[in-house]
Amino acid sequence: MDAVAVKRQVDGILDRDYPRWEALYRTVHQHPELGFEETATAQRLAKEMRALGFQVSTGIGRTGLVAMYQNGPGPTIMVRTELDALPMRETTGLAYASDVHLQSRERDTYVAHTCGHDIHMAAWVGTAATLVQLRAQWRGTLMFIAQPAEEKGRGAQAMLDDGLFARFGKPDYGFALHVGPDAYGHVFYKAGAVTSNSDALEVVFQGKGGHGAMPAATIDPILIAARFVVDVQSVISREKDPAAFGVVSIGAFNAGTAGNVIPDRAQLRGTIRSQDPQVRDKLLDGVRRTALASAQMMT
């Protein structure tokens with residue numbers, strides 16, 4: 001296979017078909033769906049893949065899909081994308097920005113593709129289309145997987161529990177990508193782990209509320225939570241090997257509704273990221289101990 005000639009073919013396909021994939025990206029971006037609710041998104045991708053000649057199975061792991069393309073004997077290549085968006089409000093001002101707003105008795109949230117899954121899906125379909133057009137250049141089976149609920153951390157397991165590999169076979173090779181705020185036209189890759197494991201963190205400190213003029217009669221959960229936010233970083237700086245990757249980040253701190261009232265509770269949410277299982281165990285244990293110690297100092 002002449003790599004230079006193949007690249008020339010790929011470039012020609014992309015130059016011709018890019019407007020189509022950009023239109024798909026904009027449509028997906030404008031109509032985001034949360035994890036395990038990506039019904040319309042999955043249907044849209046399934047339609048694209050069937051038009052390319054893939055055999056498509058939907059409802060895998062609730063809302064995931066698997067698209068298979070047979071092209072003679074050879075290895076099975078898996079290419080994976082995510083389907084879900086995040087419960088956030090988009091403020092980009094783009095003409096195709098999401099204004100999806102879910103309101104019910106159980107929740108009230110905006111939804112937006114702010115992690116790049118919309119780009120991933122467009123690239124996923126574009127990759128499939130390019131490989132189909134170049135099918136004379138290769139042999140084997142394509143296994144394109146669209147995973148639900150990646151942001152919830154449960155979509156991959158849901159697909160496995162639904163018999164993903166038992167039903168469709170186990171691939172010989174697997175590929176995925178993730179966009180980032182890097183220079184246009186550059187690709188970063190390495191052997192081993194590239195992105196990290198992510199554990200969701202939620203801590204609720206229950207105190208005793210009261211008037212802000214009488215703090216001695218209260219147990220201030222804001223003070224406890226603030227202490228935790230600072231002290232938990234010592235798990236990273238003093239308990240973890242400096243050469244090993246590990247990050248604890250607090251992204252939400254919610255407490256109280258009035259400036260002159262000490263509330264009853266404070267809620268924190270964040271993430272614990274790591275790449276090594278032993279480091280992960282150390283961080284999880286450190287976060288738990290720090291949360292308990294912070295609470296005990298005020299009781």
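Only the coordinates and a few stated rules stand behind these numbers; no lab work does. Here the structure is a predicted model, which is why all the values come from computation and not from measurement. Counting neighbours? That spans all protein chains shown, and the Cβs are built from the backbone with ideal geometry, glycine included.
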Quick one: Arg105 ticks every box in (1) under 17 Å from the mean Cα position of the chain (by Cα); (2) farther than 22 Å from Pro181 by Cβ bar one, so which box is it? (1)
For the stretch 27-77: of the residues being free of Cβ contacts under 8 Å to residues at least 24 places away in the same chain and hydrophobic (A, V, I, L, M, F, W, C), which is farthest from Lys170 (Cα to Cα)? Ala40
Please work out which residue is surrounded by the most Cβ atoms within 10 Å (Cβ to Cβ), limiting yourself to the stretch 78-93 and to residues that are in contact (Cβ under 8 Å) with a residue 40 or more places away in the chain and either farther than 29 Å from Glu37 by Cβ or of a type in the set (Asp, Glu) (or both). Glu82
Return the residues of the stretch 231-258 that are surrounded by 12 or more Cβ atoms within 10 Å (Cβ to Cβ), β-branched (Val, Ile, Thr) and not in a strand (DSSP E or B); say none if nothing qualifies. Val232, Val235, Ile236
Being touching a residue at least 40 places away in the same chain (Cβ under 8 Å), out of contact with any strand residue (DSSP E or B) (no Cβ under 8 Å at 6 or more places or on another chain), closer than 22 Å to Thr76 by Cβ and in a loop (DSSP other than H, G, I, E, B) is the filter here, so list the residues in the stretch 158-198 that pass it. Leu177
Looking only at the stretch 1-51, and only at residues there that are within 23 Å of the chain's Cα centre (by Cα) and among the polar types (S, T, N, Q), the one that is farthest from Asp99 (Cα to Cα): Gln43
Among the residues of the stretch 252-299, which ones are in contact with a helix residue (DSSP H, G or I) (Cβ under 6 Å, 6 or more places away or on another chain), closer than 18 Å to Gln206 by Cα and either without any contact (Cβ under 8 Å) to a residue 24 or more places away in the chain or of a type in the set (Val, Ile, Thr) (or both)? Thr290
